[in-house]
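Quick notes on the structure that follows.
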Amino acid sequence: MKLNKMLIMLFAILLLLLVGCLNNEDEFSVKNHNKHQLETSTEKEQLNLVPKTTSIQLAAIGDMLIHERVYNDAQTELGYNFMPMLQKVVPYLSEPTITMANQETMIGGEGIGLSTYPQFNSPYQVGDGLKEAGVDIVSLANNHTLDRGEEAIQNALNYWDEIDMNYTGAYKNEADSQEIRILEEEDIAISFLSYTYGTNGLPVPEGKDYLVNLIDQEAMSSDVKDAEEVSDVIVMNLHFGTEYERMPNDEQKELVQYVADLGVDIIIGHHPHVLQPMEWVEGKSGNKTFVAYSLGNFLSGQDEFYRRIGGMVELTVEKTVEKGEEKIEISAPKFLPTLVDYNDHGPKNYQVLPMYKVTNSQLVDVATQYQEIKAHMSQWMPELEFIESN
């Protein structure tokens, strides 16, 4: 009887010990599970707190104004080849993440007859040259867009599509004009808009406003709002100003202020065919807008000295994401002055040269001329750097 009682007591003690061990294991398991949850939560919080930053380089060049003497110089037995003219600047155009050009003349092709000033039509191969040189998008809204009518525009746009080149400012139809042009790299979406002051008195065909974007504040405001919805940065090309004037006029400054107030990040100007200075303009919301009033002629047949000087501007675009908030910064403006070189006698051999590499045999007293261009471009932007290596 006593033995049975002792056995029952021992069994009860063992059972209590076993239950206790199980409870301890459960408690240990729960503690470790909670610890894992805490570590995972902390890691997520840390990931959200650590800023993620990406950046790209955005570049733009001035006017591609293809006179007869230029396309004649590019003619070969097989057609036209503009690459020898651009070869010396390919390393600069191809290095930025995105490069834009102002294609001043429609590339309507030989089929409708090539032509020069005052009503231009250029070979398709101008597009091939830009594509091979590293250009990613062309601006087409300018005073020569309608020079050879709708046929030249449609031919040009079809060819840009054929070579997979983005374009803005002139469109195939209404639906095409409603599509904001966006290029995205490194999770940074850039939208490109383009407008011109006019078309040399040539009327836009009735019902076909999409053929060329004219400067219209109401339309521009609407386009900017649309672009804001789908992009991080807005680049606006403005074809404006007074030809051959080296400083922006009051109308340019007023329009730039209006565009800055809209919140546009970068303004690239064309039309004067000479270089005009760069500056930062503050918008009404305190935003900072980069402005290049005119990038001059990049490749043209104009022979007056300042009309032979153009260049490429380059900017760093940086995007930082922290705690779900996005911040965009435009910084580090750089400029590459260029010279259109050619021979006075015999074959012209047009070529675009980085100005810092030009010799005295190509341009008399080039060092003095180069320093004057640098001073001119940086007079409102002392921090402007000049590209002098590749």
In degrees, nearest ten, helix 2-49 long axis to first principal axis of the chain (Cα): 10 degrees
Taking each pair of distinct Cα atoms in segment 52-386 once, what is the resulting Kirkwood hydrodynamic radius in Å? 20.0 Å
For segment 90-101, Karplus couplings with θ = phi - 60° (6.51, -1.76, 1.60), whole Hz, Gly/Pro x: 4, x, 7, 6, 7, 6, x, 5, 9, 10, 10, 10
Got a sec to turn the phi values of segment 157-163 into Karplus ³J(HN,Hα) couplings, 6.51 cos²θ - 1.76 cosθ + 1.60 with θ = phi - 60°, whole Hz, x for Gly and Pro? 5, 4, 6, 4, 5, 4, 9
Under the helix-only model (-39500 (n - 2.57) for each DSSP H run of 4 or more, divided by the residues of the chain), the mean residue ellipticity at 222 nm, to 500 deg cm²/dmol, is -10500 deg cm²/dmol
How large is ³J(HN,Hα), in whole Hz, for each residue of segment 231-243 in order, when computed from phi with the Karplus curve 6.51 cos²θ - 1.76 cosθ + 1.60 and θ = phi - 60°, using x for Gly and Pro? 9, 8, 9, 10, 10, 10, 8, 10, 9, 7, x, 9, 4
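Can you tell me how much longer the chain between residue 53 and residue 304 gets when fully stretched, taken as 0.36 nm per residue apart minus their C-alpha distance, in nm with one decimal?
On the way: separation 251, 0.36 × 251 = 90.36 nm, distance 4.50 nm.
Answer, rounded to one decimal: 85.9 nm.
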Expected sort for 121-134, 322-335, 213-226 on mean C-beta neighbours within 10 Å, highest first, is 121-134, 213-226, 322-335
Expressed as a rounded percentage, what relative contact order does the chain have, with Cα pairs under 8 Å and six or more residues apart? 16 percent
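Which pairs break 20 Å Cα to Cα here: 52/284; 288/327; 52/225; 334/374; 225/253? Kindly include the intermediate steps, with their values, before the conclusion.
Working: 52/284 29 Å; 288/327 13 Å; 52/225 26 Å; 334/374 11 Å; 225/253 22 Å.
Those over the limit are 52/284; 52/225; 225/253.
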Please figure out what share of the DSSP beta bridges in the chain is antiparallel and state it in percent, rounded to the nearest 5. 55 percent
Spelling it out for residue 237: with amide H atoms placed in the peptide plane at 1.01 Å from N, the residues 5 or more places away or on another chain with amide H under 5 Å from its amide H are 193, 194, 195, 268
Taking a straight Cα-to-Cα line shorter than 14 Å from residue 348, and setting aside same-chain aspartates and glutamates fewer than 8 residues away, one finds 68, 73, 303
Evaluate E = 1/(1 + (r/R0)^6) for residue 187 and residue 254, where r is the Cβ-Cβ distance and R0 equals 41 Å; express this FRET efficiency to the nearest 0.05. 0.70
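Read the figures in this text as sums done on the coordinates, not as results from a lab. Nothing here was measured: the structure is a model prediction, and the numbers come from that model. Here the Cβ is made from the backbone with ideal geometry for all residues, glycine too, and neighbour counts use every protein chain on show.
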